[in-house]
Structures are given as structure tokens and as C-alpha cells.
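What follows is a set of notes on a single structure, which appears directly below.
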Amino acid sequence: MKELQERIQKDGICINEDILKVDSFINHQVDPVLMEQIGQEFAEHFKDQGITKVATIESSGIAPALMTAHSMGLPLIILKKQPSKVLNDHLFQTEVTSFTKGTSYELTLSSKFISEKDHVLIIDDFLANGEAATGAIRLIRKAHATVAGVGILIEKSFQPGHDKLVAQGFDVYSLARIGHMEAGKIEFIE
């Protein structure tokens, strides 16, 4: 997606070969116009696939996932990174290791908002090693629902996440695929 690539080049800060900061327009301050364009792009790509719900992991994926759900006229499910003190029964849970933070967390999904009848589209901000997406897929499968595909804003194509998900048979649609990055330099794959 040209608009996202241009915004990454303009406002993204490449710290090193692993870390790209996009906090001025995606995950700390959010550009609603860009998020609307992203939502429309995902909705167009995944249309006519019988999707019943959109899901994301809190918190950076919420804005693009919400705009995708809005564009598709569907509800959004937010997978929580910590068990709720209020919604603590009837939860599906799995452990996920964050590449960016180097820590593990418990990902949860309330059984109240998903069933075996659901065909779910997962939206996330980054794809590196594929751990977050794989955790989301595990939760959706625990509910006996199916996964329609995975929409990613920024894919680090030099890391194994994309290939890992595609090898499992998932449609992975990434809006900006980075082939190489280093401090001050980002190269995209078309």
C-alpha cells in the first residue's frame, strides 16, 4: 500500500535492523485517515470470504482492525494480553512470546464473543517471527472457529513470520513488506 510505505519512509524511525518505530502514526499517536485507508484496503482484499468477525491483539492493532471491521460491517474482537479480573471465566488462553519486548504474556479470548460458526480475519500491526499471529490463531481454533486470513500493516519479510503462516495455509496480506532495514534506511519489497 503506497500510502503506508510513504508514511513509514517519512515518519518511521528505524532504530536498527530489528526495531522500527511507528509511534507517531500507528501505535501511540494514530492517524485516523491512514487507518481508514488501511481498513478499506483490508476489506477489499478479504471481501467475499464469508468473514463474520475481525480480531486483533491489544493494543496497537486496535485502530486498523476497528477500521477494517467498520469497512466490512462486522464486529471486532480484541484479544487481551492479560486475564481480566472481571471476565475470568469461560476464557480461551494461550502463551505468546513478543519479539519486540522479548517477554511472554498470556493471551485471552472470552468464549462469549466467538463460536464454531465464526470465520475470523486477524489484523495486526507488525509481523516478524509470527508468534503473535500464531497465538491469535490458536485461540480462535480453541473456540472451534476458523481463520479466514491474516492482515498485517508492516511485515519484516527478512524474518520468518510470513513463511511460517503461509506454510500453515493462511492467506497473509501485508500492506508494507520490508526486505531490509538498518538505522536510517528502509527498503520495501513490492
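Laid out as a table, the results:
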| read-out | value |
| --- | --- |
| Long-range neighbours under 7 Å by Cβ, at least six apart or interchain, first residue over 16 Å from residue 125 (Cα atoms) within the range 93-107, second part of a strand (DSSP E or B) and modelled with pLDDT under 85 | 104/97 |
| Looking only at the range 12-39, and only at residues there that are under 22 Å from residue 180 (Cβ atoms), of a type in the set (A, V, I, L, M, F, W, C) and touching a Leu at 6+ places or on another chain (Cβ under 9 Å), the one that is surrounded by the most Cβ atoms within 10 Å (Cβ to Cβ) | 26 |
| Given (1) part of a helix (DSSP H, G or I); (2) surrounded by fewer than 21 Cβ atoms within 10 Å (Cβ to Cβ), index of the condition residue 4 fails | (2) |
| Selection count where residues are open to solvent by less than 40 Å² (accessible area, probe 1.4 Å) and in a strand (DSSP E or B), scope the range 139-190 | 18 |
| Pairs, first touching a residue at least 60 places away in the same chain (Cβ under 8 Å) in the range 68-81, second surrounded by fewer than 20 Cβ atoms within 10 Å (Cβ to Cβ) and among the acidic types (Asp, Glu), C-beta under 9 Å, six or more apart | 79/58 |
| Qualifying positions in the range 25-63 - outside any loop (DSSP other than H, G, I, E, B), of a type in the set (D, E, K, R) and closer than 20 Å to residue 140 by Cα | 53 |
| Meets criteria (assigned to a loop (DSSP other than H, G, I, E, B) and under 20 Å from residue 135 (Cβ atoms)) for residue 18 | yes |
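The values are calculated or read from the model by the stated rules, or taken from the named source; none is laboratory data. The structure displayed is predicted, hence computed values, not measured ones. Note that we place each Cβ from the backbone using ideal geometry, even for glycine, and neighbour counts take in every protein chain shown. With ligands, DNA and RNA removed, areas are computed over all heavy atoms of the protein, side chains included. Shrake-Rupley method; radii C 1.70, N 1.55, O 1.52, S 1.80 Å.
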